1. Contour minus end-to-end for residue 171 and residue 117, with contour as 0.36 nm per residue of separation and end-to-end as the Cα-Cα distance?
2. Need the full-extension length gain, residue 58 to residue 32, defined as separation in residues times 0.36 nm minus the C-alpha distance. One decimal, nm.
3. Between residue 138 and residue 88, how high is the FRET efficiency from 1/(1 + (r/R0)^6) when r is the Cβ-Cβ distance and R₀ = 30 Å? Nearest 0.05.
4. What FRET efficiency, computed as 1/(1 + (r/R0)^6) with R0 = 35 Å and r the Cβ-Cβ distance, is obtained for residue 65 and residue 127, rounded to the nearest 0.05?
5. How would you order 95-104, 158-167 from highest to lowest mean count of nearby Cβ atoms within 10 Å?
6. Plugging the Kirkwood radius over Cα pairs into Stokes-Einstein for the range 43-180, at a temperature of 20 °C and a viscosity of 1.002 mPa s, what D comes out in µm²/s?
């Protein structure tokens, strides 16, 4: 498993020779950021799943910062953020909103479409849009935090369990039991 993942990771030399990354060399070349074991992989997946719900293009930056802070595999953390894409982000945000709405306990938990501009002047529509966004704010923020935490915990546990199963199978293949 480790060899398969390492095929796709950049080498130390690529980081060391990149002039844009020169100010961060000391942090980025830390061995734990590039080593793959069950602990660093599980932590990296958890960081990537958590940061994948960050809005906009800041997902990979968030995953990189988490990897630096927690000293987990940097490329795997950044790669894991790709579970959110134009096809998955809207359903994930709708689920997050529903979770936040259910936890806060206000209303029936249905997503309300943004206001249309039909017959409204631009200032009236902007005010209606601001009210709509404020109504989404607390449930969406809480739901995103809870969903991201749940995904991170689930990913962490799944990687640990999968890696353990793989280790046990590999060990048993190398050390078959003697016939009784």
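Rule-based calculations on the coordinates, nothing more; no lab input. Please read these numbers as outputs of a predicted model, since none were measured by experiment. Using ideal geometry, Cβ is built from the backbone for each residue, glycine included, and neighbour counts are taken over all protein chains shown.
1. Fully extending the segment from residue 171 to residue 117 adds 13.0 nm.
2. Numbers: separation 26, 0.36 × 26 = 9.36 nm, distance 2.29 nm.
Answer, rounded to one decimal: 7.1 nm.
3. On the way: r = 23 Å, r/R0 = 0.78.
It comes out at approximately 0.80.
4. 0.45
5. Values: 95-104: 18.0, 158-167: 14.1.
Packing order, densest peptide first, comes out as 95-104, 158-167.
6. Translational diffusion coefficient: 122 µm²/s.
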